[in-house]
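Only one structure is covered here, and it is reproduced in the block below.
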Amino acid sequence: MTQPDSNLSATLPLMQEVSQQVYPASTLYVVGTPIGNAADIGLRALNVLSLVDAVACEDTRNTAHLLARYGISKELIPAHEHNEREAAEKLIRRLRGGARIALVSDAGTPAISDPGARIVDAVHAAGLRVMPVPGASAVIGALSASGLVNDRFHFVGFLPAKAKQREAALVELRKLPATLVFYEAPHRIVETVDALHAVLGAERQIVFARELTKLFEEIHRCRLSDAAAWLAADAHHQKGEFVIVVEGAPAAGSAEDAEAERILAILLEECPVKQAASLAARITGQKKNALYDLALRMKEQG
Ligand code: SAM
């Protein structure tokens, strides 16, 4: 099917309007940049990048390359995870002198599993202004296309690389009634998916959001029990950049809670509160303390 032509001339007045907006001096602009497709840059981001005195960035070569795509050439100040503190001092001196400085990371939004948070914190602490110029972020792109958003999500970012710590982190998340979002590197995707299956069980939905906004973008949705087989089915499935979105635990007041209450009611007919709570915890896998409190309330209400 042919693709309709887009009429971009209608956006020209908006570009002019953007360039006339106010961009205060002595301000750090935190600018979101694309996560793969250079066209995913906001008009305000383009304007800020072209008017600032300098751009603080994770990798000067990457940023020079990105800016060149937009016909922009700027002084670049390295600001990566190994020099954030010193970079912050330098940027604050420049900002105090009246400069406008943009902060970018290699891709997406600074400070989201990327350097930048320490610099932003230091600029606030110095009493200077910080303005966000929102743009792409892999977490939001993946969530929006996952179909797994309920009213809450929990962004985990990268899980620990060591198996034990990774499992402990997942155990903590097991009961959370919120969609879970993880970043993962291709060389760890298989073990991470195994760990998700082992700790969160077979039933939940998982969405692999791979190579978002790029040529080989792929969004695959399946049950956790089928995730390892999908990864193994094609070598391409394990390549590139990934966001993993996993369905959250059932919300409180859910079928799980109703079942715990039903079990407690039976046990309370036969045994004291403490023992009933302890047995219910063993049967349901829920926390003994929470069940003890519930059992007390049930007893009080007769
Ligand atoms: N600050 C970035 C953001 O706002 O999304 C994230 C930077 S973090 C160092 C890089 C991770 O983000 C990758 O390992 C991957 O998990 C995820 N990511 C970045 N770009 C992606 C893309 N195009 N498709 C899928 N995941 C991506």
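The values are calculated or read from the model by the stated rules, or taken from the named source; none is laboratory data. None of these values were measured; they are calculated from a predicted model. Glycine also receives a Cβ, built like all others from the backbone with ideal geometry; neighbour counts cover every protein chain displayed. Only protein heavy atoms, including side chains, enter the accessible area calculation; ligands, DNA and RNA are left aside. Shrake-Rupley method; radii C 1.70, N 1.55, O 1.52, S 1.80 Å.
Key figures for this structure:
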| item | result |
| --- | --- |
| Highest-MSF residue in the chain out of Ala249, Ala136, Ala68 [GNM, Cα springs under 10 Å] | Ala68 |
| Accessible area (Å², per residue) of segment 15-136, counting only protein heavy atoms and a probe of 1.4 Å | 49 |
| Of the GluC sites (Glu not before Pro) in segment 69-111, those whose Cβ has at most 15 other Cβ within 10 Å and which sit in DSSP loop | Glu81 |
| GluC sites (Glu not before Pro) restricted to DSSP loop in segment 178-271 with at most 10 other C-beta within 10 Å | Glu203 |
| Simple spin-label estimate for Glu17 and Ile266 in nanometres, 7 Å along Cα-Cβ | 6.4 |
| Net charge, Arg96 excluded, C-beta distance under 15 Å - Lys, Arg +1, Asp, Glu -1 | +3 |
| Proximal charge balance of Ile35 [Cβ under 13 Å; K/R count +1, D/E count -1] | -4 |
| For segment 255-300: accessible area per residue (Å², 1.4 Å) | 68 |
| Accessible area (Å², per residue) of segment 179-225, counting only protein heavy atoms and a probe of 1.4 Å | 43 |
| FRET efficiency for His65 and Ser225, using Cβ-Cβ distance with R0 set to 51 Å, rounded to 0.05 | 0.75 |
| Probe 1.4 Å, all protein chains present, accessible-area order of Leu279, Leu268, largest first | Leu279, Leu268 |
| Segment 200-296: trypsin sites (Lys or Arg not before Pro) falling in loop per DSSP and having at most 15 other Cβ within 10 Å | Lys214, Lys239, Lys287 |
| On Cα atoms only, tilt of 255-270 relative to the major axis of the chain in degrees | 30 |
| Proximal aspartates and glutamates to Lys175, defined as alpha-carbon separation beneath 15 angstrom and excluding residues fewer than eight positions away on the same chain | Glu167, Glu203, Glu247, Glu256, Asp257 |
| Solvent-accessible area of Ser144 with every protein chain in place, 1.4 Å probe, in Å² to the nearest 10 | 90 |
| Value of relative contact order over the chain, rounded to a whole percent, pairs C-alpha under 8 Å and six or more apart | 15 |
| Pairwise FRET efficiency - Glu89 versus Met298, Cβ, R0 = 51 Å, nearest 0.05 | 0.30 |
| Fraction of accessible area attributable to carbon and sulfur, the chain (%, probe 1.4 Å) | 52 |
| Separation of alpha-carbon centers, segment 17-41 and segment 89-136, rounded to whole Å | 12 |
| Crossing angle, helix 273-284 versus the chain [Cα axis fit, 0-90 degrees, rounded to tens] | 60 |
